[in-house]
Every structure is written in C-alpha cells, then in structure tokens.
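Please read the structure below before turning to the comments.
The values are calculated or read from the model by the stated rules, or taken from the named source; none is laboratory data. If you're wondering where the values come from, they're calculated on a predicted model, not measured in any experiment. Cβ placement follows ideal geometry from the backbone for every residue including glycine, while neighbour counts extend to all protein chains displayed.
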C-alpha cells in the first residue's frame, strides 16, 4: 500500500479522534510519536493498542489488495479498524465498558476514561 494512502488513512483517524498530528513515515518512530500529552499513562497505553489495531487493518487491506486483487476502500479500512479497536479493547482491557457506538462517536472521551474503567 503506497505511503500516500497510508498517510491519508492516518489523517482520517486523527480527525476521528479530534487531534492534529505530524506522523513519521518510519513505523518505529511513528509508534513512538503516537502519544497524547494530556492523556494518562494508562490512557496512552490504550491509545497505543489502537495504533496496533490500525496498523493491523492497514496490513490486512494491503494483503487483500496484493493477494486477492482487492480494491482500496478507505471507508472500509476506517470502519473495520473502528470495529477492531473496540473488539480488541473489550478483550484486552478487563474493565472496558464502552459500547461500540460510544467509541465511534466519542473516541477520545472513551480513551480518556481508560484510566478509570
């Protein structure tokens, strides 16, 4: 998947959460920069788990395009990532009681709650 498409997808996620960020194109540096200063340590852990879900879905879409002649659909990538984020958080975080619609509508609020769920 070309870097430009990945950059566009990351921009959609930043707008979804309501933040402005400059992302590094090196994946390791990108993860290290995936931090929100006003979040607690626990909430930033959740934020990093969301990063993993996003990268996982981008990789799945890349494989779909390469191996199955799939078509790039940024809306599909975004929606599947939202679902993956919610599903993973439900299983990784023992006291995560946020519904899927809540996460889709108010992601940063749900992440901030991360220190208290």
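Condition check: under 23 Å from residue 102 (Cβ atoms) and either modelled with pLDDT of 80 or more or buried (at least 17 other Cβ atoms within 10 Å of the Cβ) (or both). Does residue 50 satisfy that? Here the answer is yes, as residue 50 does meet what is asked. Looking across segment 90-103 at every residue that is at pLDDT 85 or above and buried (at least 16 other Cβ atoms within 10 Å of the Cβ), the one that is nearest to residue 75 (Cα to Cα) is identified as 103.
Considering segment 64-77, the residues that are in a helix (DSSP H, G or I) and either touching a strand residue (DSSP E or B) at 6+ places or on another chain (Cβ under 7 Å) or at pLDDT 85 or above (or both) include one that is surrounded by the most Cβ atoms within 10 Å (Cβ to Cβ), namely 64. When the residues of segment 9-25 are filtered to those that are modelled with pLDDT under 75 and touching a helix residue (DSSP H, G or I) at 6+ places or on another chain (Cβ under 9 Å), the one that is surrounded by the most Cβ atoms within 10 Å (Cβ to Cβ) is 23.
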